[in-house]
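I'd like to ask you about the structure that follows.
The values are calculated or read from the model by the stated rules, or taken from the named source; none is laboratory data. A quick note: this is a predicted structure, and the numbers were derived from the prediction, not measured. Cβ coordinates were reconstructed from backbone atoms using ideal geometry, including for glycine residues, and neighbour counts include every protein chain displayed.
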Amino acid sequence: MSTWAIVLIFYNVFVIFYFIGINGIYLLLVLISWRGLRDQRSIDRVTDSYHSFRSEFYKPLSVIIPAYNEEATIAETAYSALALRYPEFEIIVVNDGSRDQTLEVLKEKFNLDKYSRDYSIDIPCGIIHGTYRSKDYPNLVVVDKENGGKSDALNAGINVSQFPLFCNIDSDSLIDPDSLLKVVDLFAKDWRTIAAGGTIRAANDCRIEDGKVTEVKLSPKFWVRFQIVEYMRAFLFGRAGWSAIGGLMILSGAFSIYRRKAVVKAGGYRLDTVGEDMELVLRVQRVMKKLNREYRVVFLPDPVCWTQVPESYRGLQTQRRRWQRGLAESLFGNFEIFLNPQYGSTGMISYPFFIFYEFLGPVIEITGYLVFLFSVLSGLLNPPFVILFLTAAVLLGILLSTSALLMEEIYYRRYGRLREVLILFVFAVAENFFYRQLHAWWRFRGIIDLIFKKRTWGTLERQSFTETAKPPVKNTG
């Protein structure tokens, strides 16, 4: 046997162990998450979160919504935020120098008036041209600033905010009315909590009324269905599992809550990364550790934020390439956590996992598939080895995807129709023969973008949630 043949066989064996490793860790997270979801559902059955917050122990909250060229969705997002069930909160929409009619839509829908608001620049941000306040909704404030990007808009919103907690949501997202109550409960019960988040789900083709998802519908669009399964897997046992062992490293930028004081100490969001959400979570942990303060970063699977996901091939691959760059920038920008026992499970378990499997994974997967295909065509691999490879690479992946769907149906059942569940099952299986490999290719290209310092965000076309936006009951307090 030639040297090249030995090298190819060795690499195939290495890739098999890679797939067994990543899928094995995820299967362990499934088991951990399964118990956590069961316990959480038991608590939810006996707890009325809204009434439990009608006490002196709730914490007032600022909801920050950065918006750039979001005229199609900004009104419904603001209505959704205003409809939240929470004792005391403010909505801060930050118009980040939009070139479309975003500010004009806000003025028209919410009857804005110029408003002199006292605030301090605790975090550097771009020039703020002015602030507005709604005459109809006194807790709605709009900040108009020069364009500086999403991170800069969030920093401006933090500066203008007046409450000890803030929640940042995307301008194409809608939060379930009780979601804030459930997440903030973590802050009220445990002073160590510095950041917490909930689940993200696809709002595409769902029925939206008065800024709320009133009927969950399975989108007929091909790419959206793959993402629905992917989001179930990522949140229901991915983040839930990491959170359960104290190793959570990322909260979704579409829906997460922070202690304002901790974020200010960390210097706010960085402007030089496209993965500002993960980077902030890691940096806040580093700052808390240097200050010798206890902290917790927590995920809850039930609070839901509905967001529009990409519906086209181009939009989806652009998003995933950007996410991979953001992952790399976040990891290497906070590398002191890597294998550092001071950071507990984050430093010793989740950080190495993200380095070896999430960051380097696309390189191993793409080259692994190519080497495997070449080896099969060259006759280097016998049938038992081929079966072992496919079991590690595909069948374990199917088990993970279908497990996430099963967890969804047992505990939440957002998709109640049998036909929708069967369709999702088909996509949960099919993604392992097509979508996962394509996703690895997009992430691989994201690494190439990082090497060649390609930092553009790309564009994602927004579709309005509904044809007309109806305001909820006016909030006069």
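If only one of S312, S330, S345, S350 is of a type in the set (S, T, N, Q) and within 22 Å of I123 (Cβ to Cβ), which one is it? Don't jump to the end; show me each part of the working.
Details: S312 fails: within 22 Å of I123 (Cβ to Cβ); S345 fails: within 22 Å of I123 (Cβ to Cβ); S350 fails: within 22 Å of I123 (Cβ to Cβ).
None of the others qualify; the one that does is S330.
May I pose another question? Residue check: is G379 crowded, with 18+ Cβ neighbours inside 10 Å, without any contact (Cβ under 8 Å) to a residue 40 or more places away in the chain and not basic (K, R)?
On the way: crowded, with 18+ Cβ neighbours inside 10 Å: no; without any contact (Cβ under 8 Å) to a residue 40 or more places away in the chain: yes; not basic (K, R): yes.
Criteria not met by G379.
Could you say whether any residue in segment 244-251 is in a helix (DSSP H, G or I) and at pLDDT 95 or above? Walk me through how you get there before you give the answer.
Going through segment 244-251, the residues in a helix (DSSP H, G or I) turn out to be 244.
Then drop every residue that is not at pLDDT 95 or above, which leaves none.
Scanning segment 244-251, I find no residue that is in a helix (DSSP H, G or I) and at pLDDT 95 or above, so the answer is no.
Answer yes or no: is there a residue in segment 213-221 that is in a strand (DSSP E or B) and crowded, with 20+ Cβ neighbours inside 10 Å. It would help to see each step written out before you state the result.
Just the residues of segment 213-221 that are in a strand (DSSP E or B), to begin with: 213-215.
Now narrow it down to the ones that are crowded, with 20+ Cβ neighbours inside 10 Å: 213.
Yes, segment 213-221 contains at least one residue that is in a strand (DSSP E or B) and crowded, with 20+ Cβ neighbours inside 10 Å.
Restricting the search to segment 402-428, which residues are of a type in the set (A, V, I, L, M) and within 17 Å of W223 (Cβ to Cβ)? Outline the logic, then answer.
Kept after step one, since they are of a type in the set (A, V, I, L, M), are these residues of segment 402-428: 404-407, 410, 418, 421-424, 426, 428.
Result: I423, L424, V426, A428.
Can you find even one residue in segment 58-69 that is at pLDDT below 90 and at negative phi? Walk me through how you get there before you give the answer.
So in segment 58-69, the residues at pLDDT below 90 come out as 58-59.
Those still in the list that are at negative phi too: 58-59.
Checking segment 58-69: at least one residue is at pLDDT below 90 and at negative phi.
Report yes if V297 is at pLDDT 95 or above, of a type in the set (A, V, I, L, M), outside any helix (DSSP H, G or I) and within 20 Å of Y351 (Cβ to Cβ), otherwise no.
Details: at pLDDT 95 or above: yes; of a type in the set (A, V, I, L, M): yes; outside any helix (DSSP H, G or I): yes; within 20 Å of Y351 (Cβ to Cβ): yes.
Taking the combined requirement at face value, the residue satisfies it.
In segment 381-457, which helices (runs of 4 or more DSSP H) lie fully inside it and hold 2 or more residues that are β-branched (V, I, T) and closer than 25 Å to R35 by Cα? Spell out the reasoning first.
Numbers: elements: 383-390, 396-411, 418-430, 435-451.
Passing ranges, in order: 396-411, 418-430.
Being surrounded by 18 or more Cβ atoms within 10 Å (Cβ to Cβ) and more than 16 Å from the chain's Cα centre (by Cα) is the filter; apply it to segment 329-338 and report the residue that is farthest from S252 (Cα to Cα).
Initially, segment 329-338 is screened for residues surrounded by 18 or more Cβ atoms within 10 Å (Cβ to Cβ), giving 329-331, 334, 337.
Okay, now just the ones that are also more than 16 Å from the chain's Cα centre (by Cα), so 329, 331, 334, 337.
On the way: E329: 16, L331: 16, N334: 18, I337: 20 Å.
Once the filter is applied, the top-ranked residue is I337.
Follow-up. Being charged (D, E, K, R) and within 20 Å of the chain's Cα centre (by Cα) is the requirement here; does R286 meet it?
On the way: charged (D, E, K, R): yes; within 20 Å of the chain's Cα centre (by Cα): no.
When the stated conditions are applied, R286 does not pass them.
Examine segment 302-312 for a residue that is surrounded by 21 or more Cβ atoms within 10 Å (Cβ to Cβ), in contact with a Gly (Cβ under 8 Å, 6 or more places away or on another chain), closer than 24 Å to L236 by Cβ and at pLDDT 95 or above, and state whether such a residue exists.
Among the residues of segment 302-312, not one is surrounded by 21 or more Cβ atoms within 10 Å (Cβ to Cβ), in contact with a Gly (Cβ under 8 Å, 6 or more places away or on another chain), closer than 24 Å to L236 by Cβ and at pLDDT 95 or above, which makes the answer no.
Report, by residue number, each residue of segment 156-188 that is farther than 24 Å from Y58 by Cα and either basic (K, R) or modelled with pLDDT of 90 or more (or both).
A156
Within segment 172-188, track down each residue that is closer than 25 Å to V93 by Cβ and in a helix (DSSP H, G or I).
Kept after step one, since they are closer than 25 Å to V93 by Cβ, are these residues of segment 172-188: 172-184, 187.
Within segment 172-188, S179, L180, L181, K182, V183, V184, F187 qualify.
Within segment 267-282, which residues are buried (at least 21 other Cβ atoms within 10 Å of the Cβ), out of contact with any Leu (no Cβ under 7 Å at 6 or more places or on another chain) and at pLDDT 95 or above?
Answer for segment 267-282, where residues must be buried (at least 21 other Cβ atoms within 10 Å of the Cβ), out of contact with any Leu (no Cβ under 7 Å at 6 or more places or on another chain) and at pLDDT 95 or above: G268, E279, L280, L282.
Please specify each residue of segment 324-350 satisfying the condition of being among the polar types (S, T, N, Q) and part of a loop (DSSP other than H, G, I, E, B).
First pass over segment 324-350, keeping only residues among the polar types (S, T, N, Q): 324, 330, 334, 340, 342, 345-346, 350.
Selection gives N334, N340.
Would segment 257-266 turn up any residue that is closer than 22 Å to I175 by Cβ, of a type in the set (V, I, T), in a strand (DSSP E or B) and out of contact with any Pro (no Cβ under 6 Å at 6 or more places or on another chain)?
Yes; the residues of segment 257-266 include at least one that is closer than 22 Å to I175 by Cβ, of a type in the set (V, I, T), in a strand (DSSP E or B) and out of contact with any Pro (no Cβ under 6 Å at 6 or more places or on another chain).
Something else: Can you find a residue that is in contact (Cβ under 8 Å) with a residue 60 or more places away in the chain and over 16 Å from E146 (Cα atoms) anywhere in segment 93-108?
Checked segment 93-108: no residue is in contact (Cβ under 8 Å) with a residue 60 or more places away in the chain and over 16 Å from E146 (Cα atoms).
Among the numbered criteria (1) in contact with a Gly (Cβ under 9 Å, 6 or more places away or on another chain); (2) at positive phi, which single criterion is violated by G268?
Here G268 meets the rest and fails (1).
Does R233 fit the bill of being in a helix (DSSP H, G or I) and touching a residue at least 24 places away in the same chain (Cβ under 8 Å)? Working first, answer last.
Numbers: in a helix (DSSP H, G or I): yes; touching a residue at least 24 places away in the same chain (Cβ under 8 Å): yes.
For R233, the condition - in a helix (DSSP H, G or I) and touching a residue at least 24 places away in the same chain (Cβ under 8 Å) - is met.
Additional query: If I filter segment 189-212 down to residues being assigned to a loop (DSSP other than H, G, I, E, B) and crowded, with 18+ Cβ neighbours inside 10 Å, which single residue comes out as modelled with the lowest pLDDT? First the steps, then the outcome.
Going residue by residue through segment 189-212, those that are assigned to a loop (DSSP other than H, G, I, E, B) are 190-192, 203-206, 210-211.
Of the ones still in play, those that are also crowded, with 18+ Cβ neighbours inside 10 Å are 203-204, 206, 211.
Working: A203: 91, N204: 92, C206: 92, G211: 73.
So the residue we want is G211.
Can I ask one more? Test of understanding: among R419, R443, which residue is surrounded by fewer than 16 Cβ atoms within 10 Å (Cβ to Cβ), modelled with pLDDT of 85 or more and of a type outside the set (V, I, T)? Let's see the steps before the verdict.
Values: R443 fails: surrounded by fewer than 16 Cβ atoms within 10 Å (Cβ to Cβ).
Within the list R419, R443, the selection yields R419.
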